[in-house]
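To start, the structure under review is shown below, and the notes come after it.
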Amino acid sequence: MTIIKGGTLNFRKVISVVAGMGITAGTALVLTATPAAASSTCTTWKSHDGGTAYGKCTGGDTRFSVHRVWAICMGPDGKPFNLEGNWVNTRKGQTSKAVCSPNPARTSIYVHSMKIETDEPV
């Protein structure tokens with residue numbers, strides 16, 4: 001605050017200082033406000049025949065929280081290949097799936113391992 005001539009306040013300067021402090025504080029809040037880290041819980045599992053990988057997450061901080069399952073499939077030649085599941089809504093508790101083979105007994109293609117990928121907005 002500025003004091004001018006004999007201790008009296010210049011009203012315009014006081015208002016501009018207060019307004020400037022408000023803008024500065026507002027800017028600091030906008031620049032530092034970020035969403036909290038994802039608080040979702042995820043699980044993965046295979047189908048009973050081993051041909052499909054599933055991934056489900058629950059929680060999520062926003063309606064834009066999504067996830068998908070990634071499957072590492074093993075072919076009959078012993079070589080792995082990757083498959084990605086569909087993006088689904090975390091907050092709604094939807095399940096993502098990746099199909100390595102609809103009939104693994106016939107094709108000898110199975111789910112070897114799986115993981116979950118999440119996409120939380122920043």
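Just one of (1) on the phi > 0 side of the Ramachandran plot; (2) modelled with pLDDT under 90 trips up Val17, so point out which.
Against the list (1) on the phi > 0 side of the Ramachandran plot; (2) modelled with pLDDT under 90, Val17 comes up short only on (1).
When you scan region 31-40, do you find a residue that is at pLDDT 80 or above, at negative phi, under 25 Å from the mean Cα position of the chain (by Cα) and not aromatic (Phe, Trp, Tyr), even just one?
Here is the first cut: in region 31-40, the residues at pLDDT 80 or above are none.
No.
List every residue pair whose Cβ atoms sit under 9 Å apart, with the two residues 6 or more apart in sequence or on different chains, where the first one lies in region 105-117 and is of a type in the set (A, V, I, L, M, F, W, C) and the second, anywhere, is in a helix (DSSP H, G or I).
Val111/Pro104
Condition first: closer than 14 Å to Thr44 by Cα, open to solvent by less than 50 Å² (accessible area, probe 1.4 Å) and at pLDDT 95 or above. Now tell me which residues in region 89-113 satisfy that. Step through it out loud before you land on a result.
Going through region 89-113, the residues closer than 14 Å to Thr44 by Cα turn out to be 90, 93-99, 111-113.
After this cut, where a residue has to be open to solvent by less than 50 Å² (accessible area, probe 1.4 Å) as well, the list is 90, 93, 96, 98, 111, 113.
Once the filter is applied, which keeps residues that are closer than 14 Å to Thr44 by Cα, open to solvent by less than 50 Å² (accessible area, probe 1.4 Å) and at pLDDT 95 or above, region 89-113 yields Ser96, Ala98, Val111, Ser113.
I'm trying to understand the selection: among the residues of region 57-79, which are at pLDDT below 95 and of a type in the set (D, E, K, R)?
Passing the criteria: Asp61, Arg63.
If I filter region 52-67 down to residues being open to solvent by 30 Å² or more (accessible area, probe 1.4 Å) and over 9 Å from the mean Cα position of the chain (by Cα), which single residue comes out as farthest from Ala105 (Cα to Cα)? It would help to see each step written out before you state the result.
Of all residues in region 52-67, those open to solvent by 30 Å² or more (accessible area, probe 1.4 Å) come to 54, 56, 58-59, 61-64, 66.
Now narrow it down to the ones that are over 9 Å from the mean Cα position of the chain (by Cα): 54, 56, 58-59, 63.
Numbers: Tyr54: 19, Lys56: 25, Thr58: 32, Gly59: 36, Arg63: 39 Å.
Residue satisfying both the conditions and the ranking: Arg63.
The values are calculated or read from the model by the stated rules, or taken from the named source; none is laboratory data. Only a predicted model underlies this, so the values are computations on that prediction, with no experimental measurement involved. For neighbour counting, all protein chains shown are included, and Cβ atoms are generated from backbone atoms with ideal geometry for every residue, glycine included. Note: areas computed on protein heavy atoms with side chains; ligands, DNA, RNA excluded. Shrake-Rupley method; radii C 1.70, N 1.55, O 1.52, S 1.80 Å.
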